[in-house]
Amino acid sequence: MAGRLRVLQCELADEEPRIREEQLVAVLDQAVASEQPQDVPSFIEELLTWFPAAGDGSGSAPTPVIKTKASEPRSPAEWAGGLIKAWDSLSPQDRDALTATLVEGGVIQPTPAGVGMPPEVEQDLRSKLQLQPGDRLDAARVMALVTILMDFLSFCDQAAWRLWSGTGASIAPPGTDVRSNGPILKFVRNYVMGTDVNLPGLGLAPELQRLQHLMRGVMGGIGESGRVYGEMLWTVLSPESIKATVGTGFTKSKQDYWDLFEARASKTLDRDEIKREIRLAIGRYVEDWMKKFNR
């Protein structure tokens, strides 16, 4: 309080004495009002010890007389109570200054500003983002990120299941048991509302893992489809396959081989048949992948 009064005196140095007095009295009234009635006299008495008495005319600043009380030393609880009481009357700037002093003195450890989430959740987020201890999270942007990721998650969910079992371009093999359990946002909604506890086996975590496996299966199947389709073509159209089917001997002519090749090629190299075979190759890969996951 003594420091605040001195700062206020400096700020009001160019004002009229009446205005300075009104401002100082207002600050003192506020401070006194925060004290218990029985503590007001000792508060005023102790505050006065921090200001010099009237000068003796020598022109030098008198030395403040710091009074010491003959009472027992304060307990840690009393010191903490006094600090808490003082904290309530401090301005935001004064609080920052006090915090910085305590950090510098090693009383408290510096911590990054939180964003309103449980400490363990925030720590997990900071770890996944590979943030340094002093890096600050912006609370508003963290909240906005939730909405952005919800849009992305919904898009991935719809795109993956539409590719798997959508009409017209489905890659799912006939009779597959791999089916969607509904929009992923339904599981997110149940999770954030806490109603997923009544849905055993259909929680958000297993459904996200299921979507992840489906997407990994589709991506892996695309990479494998070329190899699978190439092996199928070689099996059907290779010279060895044609010879093995037609047979060899004096009774077999080149025309016999060509006729079989032409018959197989006309069916196998059809555009619609190629698309069907590639989709089937991807679908079988995904189905096998999902079965491994379900086990």
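The values are calculated or read from the model by the stated rules, or taken from the named source; none is laboratory data. Source: prediction; values computed, not measured. For neighbour counting, all protein chains shown are included, and Cβ atoms are generated from backbone atoms with ideal geometry for every residue, glycine included.
Applying the set (1) modelled with pLDDT under 85; (2) surrounded by 12 or more Cβ atoms within 10 Å (Cβ to Cβ); (3) charged (D, E, K, R) to K275 leaves exactly one unmet item: (2). In segment 246-262, the residues that are in contact (Cβ under 8 Å) with a residue 12 or more places away in the chain reach residues that are of a type in the set (S, T, N, Q) with C-beta atoms within less than 7 angstrom, at least six apart or across chains, in these pairs: L260/T245. Scanning for something surrounded by 14 or more Cβ atoms within 10 Å (Cβ to Cβ), in a helix (DSSP H, G or I), within 20 Å of the chain's Cα centre (by Cα) and not aliphatic (A, V, I, L, M), does segment 142-153 turn up at least one residue? No.
In segment 130-153, the residues that are in contact (Cβ under 8 Å) with a residue 12 or more places away in the chain form Cβ pairs under 7 Å with partners that are of a type in the set (A, V, I, L, M) and loosely packed, with under 10 Cβ neighbours inside 10 Å, at six or more places apart or across chains, as follows: R136/A113.
Check segment 247-255 and report whether any residue there is part of a helix (DSSP H, G or I), surrounded by 11 or more Cβ atoms within 10 Å (Cβ to Cβ) and of a type outside the set (F, W, Y). So that I can check it myself, show each step before the final result.
Of segment 247-255, the ones part of a helix (DSSP H, G or I) are 254-255.
Next, from what is left, pick out any that are surrounded by 11 or more Cβ atoms within 10 Å (Cβ to Cβ): none.
No, because not a single residue in segment 247-255 is part of a helix (DSSP H, G or I), surrounded by 11 or more Cβ atoms within 10 Å (Cβ to Cβ) and of a type outside the set (F, W, Y).
Anything in segment 154-176 that is touching a residue at least 40 places away in the same chain (Cβ under 8 Å) and over 19 Å from the mean Cα position of the chain (by Cα)? List them, or say none. Step through it out loud before you land on a result.
To start, the set of residues in segment 154-176 that are touching a residue at least 40 places away in the same chain (Cβ under 8 Å) comprises 156-157, 160-161, 163-164, 169-173, 176.
D157, A160, W161, L163, W164, A169, S170, I171, A172, P173, T176 - these are the residues of segment 154-176 that are touching a residue at least 40 places away in the same chain (Cβ under 8 Å) and over 19 Å from the mean Cα position of the chain (by Cα).
Any residue in segment 186-194 that is free of Cβ contacts under 8 Å to residues at least 12 places away in the same chain and either in contact with a helix residue (DSSP H, G or I) (Cβ under 6 Å, 6 or more places away or on another chain) or among the hydrophobic types (A, V, I, L, M, F, W, C) (or both)? Yes - at least one qualifying residue is present in segment 186-194. Taking segment 22-43 as the range and being closer than 19 Å to L90 by Cβ and surrounded by 12 or more Cβ atoms within 10 Å (Cβ to Cβ) as the test, the residues that pass are Q23, L24, V27, L28, A31, V32, S34, E35, D39, F43. How many residues are of a type in the set (D, E, K, R) and farther than 27 Å from K291 by Cα if we restrict to segment 207-254? Number of matching residues: 4.
Scanning segment 263-291 for residues being over 25 Å from M219 (Cα atoms) and of a type in the set (K, R) gives a total of 2.
With G182, G134 as the choices, which residue is exposed (fewer than 15 other Cβ atoms within 10 Å of the Cβ) and more than 20 Å from the chain's Cα centre (by Cα)?
Just a single option satisfies the conditions, and that option is G182.
One residue is enough: does segment 256-278 have a residue meeting the conditions of a type in the set (A, V, I, L, M, F, W, C), within 22 Å of G175 (Cβ to Cβ) and touching a Phe, Trp or Tyr at 6+ places or on another chain (Cβ under 7 Å)? Taking every residue of segment 256-278 in turn, at least one turns out to be of a type in the set (A, V, I, L, M, F, W, C), within 22 Å of G175 (Cβ to Cβ) and touching a Phe, Trp or Tyr at 6+ places or on another chain (Cβ under 7 Å). The set of residues from segment 120-129 being of a type in the set (D, E) and either closer than 21 Å to M215 by Cβ or touching a residue at least 12 places away in the same chain (Cβ under 8 Å) (or both) comprises just one member, E122. The set of residues in segment 117-141 that are within 19 Å of V192 (Cβ to Cβ) and assigned to a loop (DSSP other than H, G, I, E, B) comprises M117, P118.
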